[in-house]
Amino acid sequence: MNKIYFLLFFIVVVWGAYIVGGRVASERCRGAVADDVATHQMKFIRLQEDINAEAVSRGGDDIRRVLREKYTIVE
């Protein structure tokens, strides 16, 4: 009878370890995906900053003013 209890206890412990291990792996995967998403977002933001800085240094922000001055309807 003690062998049956020990076997059942062992099966429950192994099953519990399997369930807990699955949850831990799932959380690690979610954390890795969140880190990957944050890394890609930071790369995208840096790329936008570089593009905006280059456009400003070339005078691209001045295009709207120049077009308004040259091509407005004279009253």
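For the condition surrounded by 10 or more Cβ atoms within 10 Å (Cβ to Cβ) and modelled with pLDDT of 95 or more, what is the one hit in ARG46, ARG28?
Of the residues listed, the single one that is surrounded by 10 or more Cβ atoms within 10 Å (Cβ to Cβ) and modelled with pLDDT of 95 or more is ARG28.
If a residue has to be assigned to a helix (DSSP H, G or I) and open to solvent by 70 Å² or more (accessible area, probe 1.4 Å) to count, how many in region 49-59 make the cut?
Total satisfying the criteria: 7.
I'd like to know if region 25-36 contains one or more residues that are basic (Lys, Arg), part of a helix (DSSP H, G or I) and closer than 30 Å to ILE63 by Cα.
no
The values are calculated or read from the model by the stated rules, or taken from the named source; none is laboratory data. Here the structure is a predicted model, which means the values were calculated and not measured. So basically every Cβ, Gly included, is an ideal-geometry build from the backbone, and we count neighbours across all protein chains shown. All accessible areas refer to the heavy atoms of the entire protein, side chains included, with ligands and DNA or RNA removed. Shrake-Rupley method; radii C 1.70, N 1.55, O 1.52, S 1.80 Å.
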